Amino acid sequence: DTIDDLESFIGEFGEVYDEEVVEDPLAAEQRKKAHIEQQQKRKLIHAGTPKEYPARIYSQLLGKYVPFNTCISCGIEGHTARSQVCELYGRNKNKKNNFHTGGQTTPQQRATRFSNWIINTFGEEFLKSTGILDIAGGQGKLSLDLQLRRGISCTIVDPRKMVLSAKQLKIIEKKQSTVPEQKVMCFEDDFLDDPENQAIFDKIGLIVGMHPDQATERIVRFGLNHGKSFAVLPCCVFPKMFPYRHNPDGTEVRHYEEFCDWLQNLDSGIQRATLDIPGRSTILYKIYPQ
């Protein structure tokens, strides 16, 4: 059977060992053409032509983040498409992030805007005489702005140690200021069990959190339980981590607006404001008598 199969194979395709099989010119041309078309399709998928790209992403600009990164390294066509899109929607073409419908801001600009709102809402003199506890302050952009630009003492609580850039260190040296104090730890319910933390908490006049993730609810409850003014910019909801949160209709709190409503309903004195930044910009705050 094997010999018969081999003879059948040789009879159909020629003596493959003794003769060189020459591909039909027409088939070769078709294969080459198909290969070129496939490459062009892949290029369009990843980058888009200058004319097609703006139209193709138009439907993604309705309040959603836009995936521009796919066209950054696609040669001249990708860069041209990017420039046209940025010009069309008023974006800064030199930036690779924060392309959204609410305008573009850097992390430092967002921190500065929140800082200005804090000053205007709670009063600069009051905050200078007390201080601010910055929960989940990360690399300290908010606290540095408040302390260096406004002279308000800040203490950061974050499990990640703050690492200052050369530019930040230069500004601190120029202003002859000090670095905000940092407590390298999570903001848990037992935060006040440490006498040092209790002393800091007794002195400060405001608790803040700018997109503090899991610590958002705890900031609000600490302020309510201890009579401290607070201001928080909620961010992620973490519904699986906090399944006890429910809407008035009994469904789980799973979305951002639901989370903001749920937090505000914790106390009738909690107010709501909107910060002039793109994305999640709702501020929940309460002012206690000074």
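Only the coordinates and a few stated rules stand behind these numbers; no lab work does. Since we're looking at a predicted model, the values are computed, not measured. Virtual Cβ from ideal backbone geometry, glycine too; neighbours counted across all protein chains shown.
Results for (1) farther than 19 Å from Asp202 by Cα; (2) of a type in the set (S, T, N, Q); (3) within 19 Å of the chain's Cα centre (by Cα), shown as yes or no for each residue.
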site	(1), (2), (3)
Arg221	no, no, no
Ala231	no, no, no
Cys236	yes, no, yes
Tyr244	yes, no, no
Asp249	yes, no, no
Phe259	yes, no, yes
Thr274	yes, yes, yes
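Suppose we filter the stretch 152-166 for residues that are in a loop (DSSP other than H, G, I, E, B) and touching a helix residue (DSSP H, G or I) at 6+ places or on another chain (Cβ under 6 Å); how many remain? Don't jump to the end; show me each part of the working.
First, pick out the residues of the stretch 152-166 that are in a loop (DSSP other than H, G, I, E, B): 152-153, 158-165.
Filter again for touching a helix residue (DSSP H, G or I) at 6+ places or on another chain (Cβ under 6 Å), leaving 152.
Total meeting the criteria: 1.
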